[in-house]
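Step one of this worksheet: look at the structure below.
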Amino acid sequence: MFTETPQETAQEAAHGVQETAAAGGLSFDPGQSIIGHILDSDRYEIVHGVGFDLPQLPTVAGVIDFSITKHVLMMWIAGLVMAFLVWRATRRIKDPVPSGVRNAFEVVILFIRDEVARKAIGPSADRFVPYLLSTFFFIITCNLLGLIPGMATATGNISVTAALALIAFAVIQFAGLRKYGVIRHFKNLVPPGLPMWLVPLMFALELLSMFIKPFALCVRLFANMMAGHVVILAFVTLIFILGDLFSPMVAWLASPVSVGFTLFVYFLELLVCTVQAYIFTMLTATFIGMSAHPAH
């Protein structure tokens, strides 16, 4: 029979956790499992401990590294998936009634063109529709691929989202420079009618906001995609943590709850993947419209 009080049992459990941590952690390292899934790597692991090393290329000028990493591979896969789907959608482009993949593509294309680009940018919107469509389909493909077991989320890498934001920044500035030229484009940053002493301050603030906008795009996409995967992996690893800390029976009892929450967050992530692709595309179109058609 057990003669220990609940307090003594808790103290012993806490002491056991401390000893395990001091010895190097649990037999199952949840932190390493989560970090290993999220961070980029030179090795692609399909499941824990099973994978292959990716080819490494020499660094150019000691700074630029063109080595193939896990997230680079995922972006290539996303590109191939997009190319395949576009090929399937355009095979019967001359058919009077669209169907299948073509029908789905046309719904999305018309929505981005009519409800996003034209409403945010205005008369010159069609010029930017190909870029907006490429951005939307690339982001949503990368997002959804990350939910497939054995794959990774490239958009959970801040370097990838930063590259997307830099491209968006270039397109946003191009819209204003093309229409107004260099001098007038920067002159449009300052609303007319301001006192002269306020003009330098407003110009500095608007110039700063020019860079903050793409930075916000970068961080929003990265944070949302990374956070969702951390939550999913945390619920899964909770089963193994409880098994290590207490007993396999506790892990079995906790697994239905953990798996239930994991599935809930997983299906929520399906919505988040689509919403984040839409938000990135919609905000980019809005910023292009603000650059091409300033309010003053």
Q) Do you know which residues across the range 216-258 are more than 15 Å from residue 153 (Cα to Cα), among the hydrophobic types (A, V, I, L, M, F, W, C), modelled with pLDDT of 85 or more and in contact with a helix residue (DSSP H, G or I) (Cβ under 7 Å, 6 or more places away or on another chain)? A) 217
Q | Qualifying positions in the range 130-143 - surrounded by 18 or more Cβ atoms within 10 Å (Cβ to Cβ) and of a type in the set (Ser, Thr, Tyr) | A | 131, 135, 141
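Does residue 137 qualify as being modelled with pLDDT of 90 or more, closer than 30 Å to residue 294 by Cβ and not aliphatic (A, V, I, L, M)?
Details: modelled with pLDDT of 90 or more: yes; closer than 30 Å to residue 294 by Cβ: yes; not aliphatic (A, V, I, L, M): yes.
Here the answer is yes, as residue 137 does meet what is asked.
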Q: Kindly establish whether residue 77 is in contact with a helix residue (DSSP H, G or I) (Cβ under 7 Å, 6 or more places away or on another chain) and within 21 Å of residue 283 (Cβ to Cβ).
A: no
Q | Test for residue 261: is it surrounded by 13 or more Cβ atoms within 10 Å (Cβ to Cβ), among the hydrophobic types (A, V, I, L, M, F, W, C) and under 15 Å from the mean Cα position of the chain (by Cα) | A | no
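Could you tell me whether any residue of the range 212-221 is assigned to a helix (DSSP H, G or I), within 28 Å of the chain's Cα centre (by Cα) and more than 29 Å from residue 69 (Cβ to Cβ)?
no
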Q. Does the range 277-290 contain any residue that is among the small types (Gly, Ala, Ser), closer than 17 Å to residue 172 by Cα and assigned to a helix (DSSP H, G or I)?
A. yes
Q) Name the pairs: first residue in the range 168-187 and closer than 19 Å to residue 130 by Cα, second residue of a type in the set (Val, Ile, Thr) and surrounded by fewer than 19 Cβ atoms within 10 Å (Cβ to Cβ), Cβ to Cβ under 6 Å, at least 6 apart or on different chains? A) none
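Can residue 101 be described as β-branched (Val, Ile, Thr) and in contact with a Lys or Arg (Cβ under 7 Å, 6 or more places away or on another chain)? Walk me through it before giving the result.
Values: β-branched (Val, Ile, Thr): yes; in contact with a Lys or Arg (Cβ under 7 Å, 6 or more places away or on another chain): yes.
Answer is yes for this residue.
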Q.
Condition check: loosely packed, with under 12 Cβ neighbours inside 10 Å and more than 30 Å from the chain's Cα centre (by Cα). Does residue 249 satisfy that?
A. yes
Q.
So if I check each of 211, 215, 235, 287, which one is in contact (Cβ under 8 Å) with a residue 24 or more places away in the chain, in contact with a Lys or Arg (Cβ under 6 Å, 6 or more places away or on another chain) and closer than 30 Å to residue 144 by Cα?
A. 287
**Q.** Inter-residue pairs, beta-carbon under 7 Å, first closer than 16 Å to residue 221 by Cβ and in contact (Cβ under 8 Å) with a residue 40 or more places away in the chain and in the range 253-276, second among the small types (Gly, Ala, Ser) and surrounded by 16 or more Cβ atoms within 10 Å (Cβ to Cβ), 6+ apart
**A.** 269/228; 272/228
Q. Which one of 102, 92, 88, 127 is crowded, with 16+ Cβ neighbours inside 10 Å, free of Cβ contacts under 8 Å to residues at least 60 places away in the same chain and either out of contact with any Gly (no Cβ under 6 Å at 6 or more places or on another chain) or over 16 Å from residue 284 (Cα atoms) (or both)?
A. 102
Q) Tell me, which residue of the range 144-203 that is polar (S, T, N, Q) and in a helix (DSSP H, G or I) is surrounded by the most Cβ atoms within 10 Å (Cβ to Cβ)? A) 155
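The values are calculated or read from the model by the stated rules, or taken from the named source; none is laboratory data. Keep in mind the model is a prediction, meaning the values are calculated, not measured. Here the Cβ is made from the backbone with ideal geometry for all residues, glycine too, and neighbour counts use every protein chain on show.
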